[in-house]
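Asker: One structure coming up, written as structure tokens, with questions to follow.
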Amino acid sequence: GPKVLQIPSHQIIDMGQMVTLNCDPVSNHLYFYWYKQILGQQMEFLVNFYNGKVMEKSKLFKDQFSVERPDGSYFTLKIQPTALEDSAVYFCASSPDWGGYEQYFGPGTRLTVL
Amino acid sequence: GDSVIQMQGQVTLSENDFLFINCTYSTTGYPTLFWYVQYSGEGPQLLLQVTTANNKGSSRGFEATYDKGTTSFHLQKTSVQEIDSAVYYCAMRELNTGNYKYVFGAGTRLKVIA
């Protein structure tokens with residue numbers, strides 16, 4: 001089936017540094033999402049993105065977070081600067097349409113902030 | 001606000017046991033309901049979805065009925081196998097102020113012992 005790829009699978013970074021998480025969504029999909037999952041906890045919605053714009057974001061999507069997808073390349077989540085509480089697995093998802101379609105998830109990027 | 005509740009954090013069964021995972025939802029609208037399954041080291045993937053109230057969805061021996069009266073979408077399987085060991089997420093997609101929003105439950109970890 002369709003695959004969402006995430007690069008890298010694991011990133012270790014010092015607190016205060018910038019990190020960019022990359023997502024390669026399914027090729028004909030138009031809607032993109034990021035979720036955060038702290039170890040042992042539920043997956044929580046961060047943001048969704050369509051046509052170059054953030055459509056909705058949660059309170060977890062702090063000012064230090066930003067997303068973009070320049071010219072149909074990777075859909076990225078940038079955190080600048082990182083904080084200890086940003087340590088989590090970040091899942092990217094994409095879907096072809098809002099209406100009734102499932103989301104396809106990537107395998108996640110494990111971010112460790114030291 | 002919109003929410004999805006899964007009361008069971010973990011369920012442990014033996015092979016061929018009957019599975020029942022509880023899910024209730026809260027929303028003012030007419031959501032589409034989903035079950036996603038997350039195997040170890042992977043992102044969630046769609047197990048089944050139901051768009052219309054009182055309908056049943058089924059896949060790979062799992063089934064769930066969208067019960068608008070009790071606002072429930074419990075997941076069942078007659079006979080579980082060890083390969084079913086995973087985390088199961090109940091989720092809903094709701095149209096909210098012109099924007100489709102996905103809400104996930106906390107997840108239920110299923111462990112099946114051979």
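The values are calculated or read from the model by the stated rules, or taken from the named source; none is laboratory data. Source: prediction; values computed, not measured. Cβ atoms come from the backbone with ideal geometry, glycine included; neighbour counts cover every protein chain shown.
Asker: Give segment A:1-19 a look and list any residue that's out of contact with any Phe, Trp or Tyr (no Cβ under 9 Å at 6 or more places or on another chain), surrounded by 16 or more Cβ atoms within 10 Å (Cβ to Cβ) and not hydrophobic (A, V, I, L, M, F, W, C), or say none.
Answerer: A:Gln11
Asker: A:Ile12 passes all but one of (1) of a type in the set (A, V, I, L, M, F, W, C); (2) modelled with pLDDT under 95; (3) over 14 Å from the mean Cα position of the chain (by Cα); (4) part of a strand (DSSP E or B); which number fails?
Answerer: Here A:Ile12 clears every test but (2).
Asker: Next question. Any idea how many residues of segment A:77-111 are buried (at least 17 other Cβ atoms within 10 Å of the Cβ) and away from every other protein chain (no Cβ under 14 Å)?
Answerer: 6
Asker: Identify all residues within segment A:77-112 that are under 22 Å from B:Ser40 (Cα atoms), in a strand (DSSP E or B) and not charged (D, E, K, R); write none if there are none.
Answerer: If the condition is that a residue be under 22 Å from B:Ser40 (Cα atoms), in a strand (DSSP E or B) and not charged (D, E, K, R), then A:Ala88, A:Val89, A:Tyr90, A:Phe91, A:Cys92, A:Ala93, A:Ser94, A:Tyr104, A:Phe105, A:Thr109, A:Leu111, A:Thr112 are the ones that fit.
Asker: Now, a different point. Among the numbered criteria (1) over 12 Å from the mean Cα position of the chain (by Cα); (2) surrounded by 12 or more Cβ atoms within 10 Å (Cβ to Cβ), which one does A:Pro25 miss?
Answerer: The number of the failed condition is (1).
Asker: So, in segment A:44-76, of the ones that are part of a loop (DSSP other than H, G, I, E, B) and in contact with a strand residue (DSSP E or B) (Cβ under 6 Å, 6 or more places away or on another chain), which residue ends up farthest from the other protein chains (Cβ to nearest Cβ)?
Answerer: Out of the qualifying residues, it is A:Gln64.
Asker: Which of the residues belonging to segment A:15-43 are farther than 15 Å from B:Gly43 by Cβ and not in a strand (DSSP E or B)?
Answerer: Of everything in segment A:15-43, those that are farther than 15 Å from B:Gly43 by Cβ and not in a strand (DSSP E or B) turn out to be A:Met15, A:Gly16, A:Gln17, A:Met18, A:Ser27, A:Asn28, A:Leu30, A:Ile38, A:Leu39, A:Gly40, A:Gln41.
Asker: Wholly within segment B:1-111, which strands (runs of 3 or more DSSP E) include no fewer than the required count, namely at least 3 residues that are closer than 28 Å to A:Val89 by Cβ and in contact (Cβ under 8 Å) with a residue 60 or more places away in the chain?
Answerer: Per the criteria, B:3-5, B:10-14, B:32-38, B:86-96, B:99-104.
Asker: Restricting segment A:30-43 to residues that are in contact with a strand residue (DSSP E or B) (Cβ under 8 Å, 6 or more places away or on another chain) and surrounded by fewer than 19 Cβ atoms within 10 Å (Cβ to Cβ), which is farthest from A:Met15 (Cα to Cα)?
Answerer: Kept after step one, since they are in contact with a strand residue (DSSP E or B) (Cβ under 8 Å, 6 or more places away or on another chain), are these residues of segment A:30-43: A:30-39, A:42-43.
Add one more test, that the residue is surrounded by fewer than 19 Cβ atoms within 10 Å (Cβ to Cβ), and what stays is A:30, A:38-39, A:42.
Working: A:Leu30: 33, A:Ile38: 17, A:Leu39: 18, A:Gln42: 24 Å.
Among those that are in contact with a strand residue (DSSP E or B) (Cβ under 8 Å, 6 or more places away or on another chain) and surrounded by fewer than 19 Cβ atoms within 10 Å (Cβ to Cβ), it is A:Leu30.
Yes/no per residue for (1) more than 14 Å from chain A (Cβ to nearest Cβ); (2) surrounded by fewer than 17 Cβ atoms within 10 Å (Cβ to Cβ); (3) of a type outside the set (Gly, Ala, Ser); (4) in contact with a Ser or Thr (Cβ under 6 Å, 6 or more places away or on another chain):
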residue: B:Gly29; (1), (2), (3), (4): no, yes, no, no
residue: B:Thr32; (1), (2), (3), (4): no, no, yes, yes
residue: B:Ser40; (1), (2), (3), (4): no, yes, no, no
residue: B:Pro44; (1), (2), (3), (4): no, no, yes, no
residue: B:Ser79; (1), (2), (3), (4): yes, yes, no, no
